[in-house]
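*Asks:* Structure incoming, see below.
The values are calculated or read from the model by the stated rules, or taken from the named source; none is laboratory data. Here the structure is a predicted model, which is why all the values come from computation and not from measurement. Don't worry about glycine lacking a Cβ; one is built from the backbone with ideal geometry, like all the others, and counts go over all protein chains shown. These area figures cover heavy atoms from the full protein model, side chains too; ligands, DNA and RNA do not enter into them. Shrake-Rupley method; radii C 1.70, N 1.55, O 1.52, S 1.80 Å.
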Amino acid sequence: MTSTATTGHEKLTMAQALNRALRESMAADDSVVVFGEDVGALGGVFRITDGLTAEFGDTRCFDTPLAESGIVGMAVGMAMNGMRPVVEMQFDAFAYPAFEQITSHVAKMRNRTRGTVSLPMVIRIPYAGGIGGVEHHCDSSEAYYAHTPGLHVVTPANAADAHRLLRAAIASPDPVVFMEPKKLYWTKEEVDLGAELPGIGRAMIRREGTDATLIAYGPSVPVALEAAEVAAQEGRSLQVVDLRSIVPFDDETVCAAVRSTGRAVVVAEAPGFASVASEIVARVTERCFHSLAAPVRRAVGFDIPFPAPKLEHVQLPGVDRVLDAVDDLQWDLS
Amino acid sequence: MTRDLDLLLPSPHPVELIDPTGRTVAEATRELPDDAALLRAFAGLTTARRINDQASALARQGRLAVYPSSHGQEACQVAAAQVLTDDDWLFPTYRDTAAVVLRGVDVAEAFLPLQGAWHSGYDPHEHRTAPQATPLATQLLHAVGVAHAARLRGEPTVALALCGDGATSEGDFHEALNFAAVFRAPVVFLVQNNQYAISVPLARQSVAPSLAHKGIGYGVPGERVDGNDVAALLAVLGTAMARARAGEGPQLVEAHTYRMQPHTNADDSRRYRQDDEVAGWAERDPLARLETWLRQHDLLDDARLAAVTADADQLAARMRTELAGDATPEPAELFAHVYATPTPQLVEQAAVVADELSREDAHR
């Protein structure tokens, strides 16, 4: 792909695309404020907020004391009072101190107040493994948030979606937990900056295929695409669905895809027990049972704490684990 | 920015302007509020006491699912409501229903959660009163956020955030003080130290010289006040509010008071405290001491007292009427406010509930 600047297309990394989304949202709406740890002068440890303080001033993008519950709790109050806060949790596991604020307040405020208080706020969380991060820097924590009614949970798998989904999340009247697969921060692709914002909650077919469907999200989408490529060379046609949004969940797109192939594997990094992948298996089985030629399988992380960098490859589902699961889809019975 | 420690230190003794016997304290460190403010506070105290009595009665009758009484702490409730302007925000806890009603929220809305009908019953924006917080100290951070947003827009809003002694052990209490201080947010934190967190006495919460001293580590000035002296509370909170409004940052106020009744009607306080301790605090009653003072200063006579009491009785009657019926929202509403627009899944689930309920109706 080539850069075609004249039509608003640019080649950007996911990190740059997220930065552009923040910049555009802040320029369009004075009530959008960005804060967290190291997001000011440094521009965030992943540079997602790079240049925002310089461009918009330190009342619009600012560093806070190092306390995640404080960051999210203050964002709740600011959202109650007319602002649209976008806060950064520096890493997945560092968001846990804010868990009470997120689950008891961010998620419940609208319901508690019978719809009179909206919390239009975004909690950005760099998550998952694949970058050789040390302990507490690689958790796939999406299930905690997805399990909590009242939160939207989205996760892009490429730069274009990162840009559009973050703009949509900031514009949303509901709180959005925006999970950024940190291993994809530096992948570059063509982004149409003028593209219409998708509503939150729509999955997308990333690759057409006829034999089986791989259902993936965030960091696992490139793994699923690579597995589909390898499978194609072996004569098997795999379709790949990118969820983009975990909550709301796009049953329609996912089930239509599974019905079209009759077989499915869910690919995700998180430990499989009681996970988002488990939920997807349950939903697909409940809805598509008569279209299924085999039980839905999972290619997921093991039920262990995330390993140290030299062992993380053991935990992360790769092409082999995905294709092994595909191989198990009872082909001999069809 | 370093601050002179002396400016942060609470006074050696809680500020008291009217003593428990109803006399003006000699050598008081603050000026007494004016007569009008004290008369208004007396009406507020009478109302708040009546709210507590009536709500406790309704809980005994089963009309309320639960009631955490603030009997004995009414001076804190009244002063908190009275120092606020229409621009300001109140962040109450579950025990502060009297303050919520004094802020102007209708009793039918204020008591909805205590009826077990919904988690909060009023529009927080209408009276700038946050939903009553059941988790401890979490609302203090919301107050910081509301205040910081107002300050960024140049509005004169001050947030008054309430919590109890137990809540000062929670992390969010400390994060709220620190965030408020760093951002110079116009917030006044009022700790109602009623000596017990359900059953656990203050000595097990903290060995700090006082709870007001907890502000020092964050650069937040602390002050201690007799929490059963509404005059002192009005003076101390009034100064703190004015200071915050002038851009001088947050303040921490610890009010020494006592929860005269069990934690809720479901609690048995005889398991953890002695009757003579309770009796000692009865002598420090906030209502009796102000009544004595007002009579001594010829500001209250029997006729005026009767008028104030009649107003409170009227509110109590309204509580009996309003809270007699079933205000439970329709079950469909359970799905209406989870998101601005229900997800497809919630639309399906709401239909399941409608179907279940229609079949229940058919069986009746």
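*Asks:* State whether segment A:266-314 is rounded, prolate or oblate according to the following rule on the C-alpha gyration tensor (a ≥ b ≥ c being the square roots of its eigenvalues): a/c under 1.5 gives rounded; otherwise a/b larger than b/c gives prolate, and the remaining case gives oblate.
*Replies:* Numbers: a/c = 4.55, a/b = 2.74, b/c = 1.66.
Taking the square roots of the gyration eigenvalues as a ≥ b ≥ c, segment A:266-314 is prolate.
*Asks:* In 20 Å bins starting at zero, report the fraction of Cα pairs in the protein assembly as shown per bin as a rounded %.
*Replies:* Pairs per bin, as whole percents: 17, 43, 29, 10, 1.
*Asks:* Report the residue, chosen from B:152, B:58, B:334, that carries the largest GNM mean-square fluctuation when chain B is represented by alpha-carbon nodes joined by springs under 10 Å.
*Replies:* Ranking B:152, B:58, B:334 by mean-square fluctuation puts B:334 first.
*Asks:* Determine which lysines satisfy two conditions relative to residue A:188: a Cα distance under 20 Å, and not lying fewer than 8 residues away in the same chain.
*Replies:* By straight Cα distance, residue A:188 reaches A:11.
*Asks:* If R0 is 56 Å, what FRET efficiency do you get for residue A:328 and residue B:117 from their C-beta distance, rounded to 0.05?
*Replies:* Efficiency, from the Cβ-Cβ distance: 0.65.
*Asks:* Still on this structure, I have one more. Roughly speaking, what is the stretch gain from residue B:332 to residue B:266, that is 0.36 nm per residue apart minus the C-alpha to C-alpha distance, in nm to one decimal? Write down the numbers at each step before the final one.
*Replies:* On the way: separation 66, 0.36 × 66 = 23.76 nm, distance 3.03 nm.
Stretched out fully, the residue B:332 to residue B:266 stretch lengthens by 20.7 nm.
*Asks:* Here's another thing I want to ask about it. I'd like the orientation of helix B:302-322 relative to chain B: the angle between its Cα long axis and the longest Cα principal axis, in ° from 0 to 90, rounded to 10.
*Replies:* 20 degrees
*Asks:* Once you place label points 7 Å from the Cα toward the Cβ at residue B:277 and residue B:310, how far apart are they in nm?
*Replies:* Roughly 4.3 nm, to one decimal.
*Asks:* Ok, one more. Grab the other residues whose beta carbon is less than 11 angstrom from that of residue A:194, score K and R as +1, D and E as -1, and report the net.
*Replies:* Working: positive: A:164; negative: A:10, A:24, A:192, A:196.
Surrounding charge for residue A:194 is -3.
*Asks:* Calculated FRET efficiency, residue A:30 and residue B:355, Cβ-Cβ r, R0 56 Å, to nearest 0.05? Write down the numbers at each step before the final one.
*Replies:* Values: r = 46 Å, r/R0 = 0.83.
Calculated transfer efficiency: 0.75.
*Asks:* Moving to a separate point now. Which lysines have a Cα less than 24 Å from the Cα of residue A:310, not counting those fewer than 8 places away in the same chain?
*Replies:* Cross-link targets: A:182, A:183.
*Asks:* Residue B:214: which aspartates and glutamates have alpha carbons under 16 Å from its alpha carbon, excluding same-chain residues fewer than 8 sequence positions away?
*Replies:* Cross-link targets: B:4, B:6, B:165, B:170, B:172, B:175, B:223, B:254.
*Asks:* Moving on to the next point. If one takes the longest principal axis of the Cα atoms in chain A, at what angle in degrees, from 0 to 90 and to the nearest 10, does the Cα axis of helix A:68-80 lie?
*Replies:* Around 70 degrees separate the two axes.
*Asks:* Between residue B:13 and residue A:273, what is the spin-label point distance in nm, taking each point 7 Å from the Cα along the Cα→C-beta axis?
*Replies:* Each label point lies 7 Å from its Cα, and together they span 6.1 nm.
*Asks:* Mind checking which of B:108, B:279, B:312 has the largest fluctuation in a GNM of chain B, springs on alpha carbons under 10 Å?
*Replies:* Evaluated over chain B, the most mobile residue of the options is B:279.
*Asks:* Rounded to the nearest 500, what is the 222 nm mean residue ellipticity of the protein assembly as shown from helices alone, with -39500 (n - 2.57) per DSSP H run of 4+ residues and division by all residues? Before the final figure, lay out the partial values.
*Replies:* Working: 24 runs with 262 residues, N = 698.
Theoretical 222 nm ellipticity from helices: -11500 deg cm²/dmol.
*Asks:* Pop out the carbon and sulfur fraction of the accessible area of segment B:90-170 as a percent, whole number, probe 1.4 Å. Each step should come with its number before you reach the end.
*Replies:* Numbers: 950 of 2050 Å².
Answer for segment B:90-170: carbon and sulfur cover 46 percent of the accessible area.
*Asks:* Using 1/(1 + (r/R0)^6) with R0 = 45 angstrom and r between the beta carbons of residue A:187 and residue B:87, what's the FRET efficiency to the nearest 0.05?
*Replies:* Using R0 = 45 Å, I get an efficiency of 0.40.
*Asks:* How big is the antiparallel share of DSSP beta bridges in the protein assembly as shown, given as a percent to the nearest 5?
*Replies:* Details: 13 of 69 bridges.
The answer is about 20 percent antiparallel.
*Asks:* Right, something else. Just for chain B, what percent of DSSP beta bridges are antiparallel, to the closest 5?
*Replies:* Numbers: 3 of 26 bridges.
The answer is about 10 percent antiparallel.
*Asks:* So what's the Cα pair-distance distribution over chain B, bin width 10 Å, in %?
*Replies:* Each 10 Å bin holds this share of Cα pairs: 5, 23, 32, 24, 10, 4, 1, 0.
*Asks:* For the Cα atoms of chain B, what angle does the longest principal axis make with the long axis of helix B:35-60, in degrees from 0 to 90, nearest 10?
*Replies:* 40 degrees
*Asks:* Which of B:184, B:304, B:245 moves the most in a Gaussian network model of chain B with Cα springs under 10 Å?
*Replies:* The residue with the greatest mean-square fluctuation here is B:304.
*Asks:* Given charges of +1 on the Cβ of Lys and Arg and -1 on the Cβ of Asp and Glu, with all other atoms neutral, how large is the dipole of segment B:232-321 about its Cα centre, in debye to the nearest 20?
*Replies:* Values: 12 positive and 15 negative charges, 72 e Å.
My answer is approximately 340 debye.
*Asks:* Residue A:230 to residue A:136: extension gain in nm, 0.36 nm per residue of separation minus the Cα-Cα distance? Kindly include the intermediate steps, with their values, before the conclusion.
*Replies:* Values: separation 94, 0.36 × 94 = 33.84 nm, distance 3.26 nm.
Working it through step by step, the gained length comes to 30.6 nm.
*Asks:* Also: Gain in length, residue B:23 to residue B:347, computed as 0.36 nm per residue apart minus the alpha-carbon separation, to one decimal in nm? Mind showing how you got there, number by number?
*Replies:* Working: separation 324, 0.36 × 324 = 116.64 nm, distance 6.35 nm.
The residue B:23-residue B:347 span can extend by a further 110.3 nm.
*Asks:* Pull up all non-local amide H partners of residue A:121: gap of 5 or more, or a different chain, and H-to-H distance under 5 Å with H placed in the peptide plane.
*Replies:* A:176
*Asks:* Can you tell me what share of the DSSP beta bridges in segment A:12-192 is antiparallel? A percent to the nearest 5 is fine. Don't jump to the answer; show the numbers that get you there.
*Replies:* Working: 2 of 22 bridges.
If we restrict to bridges inside segment A:12-192, about 10 percent are antiparallel.
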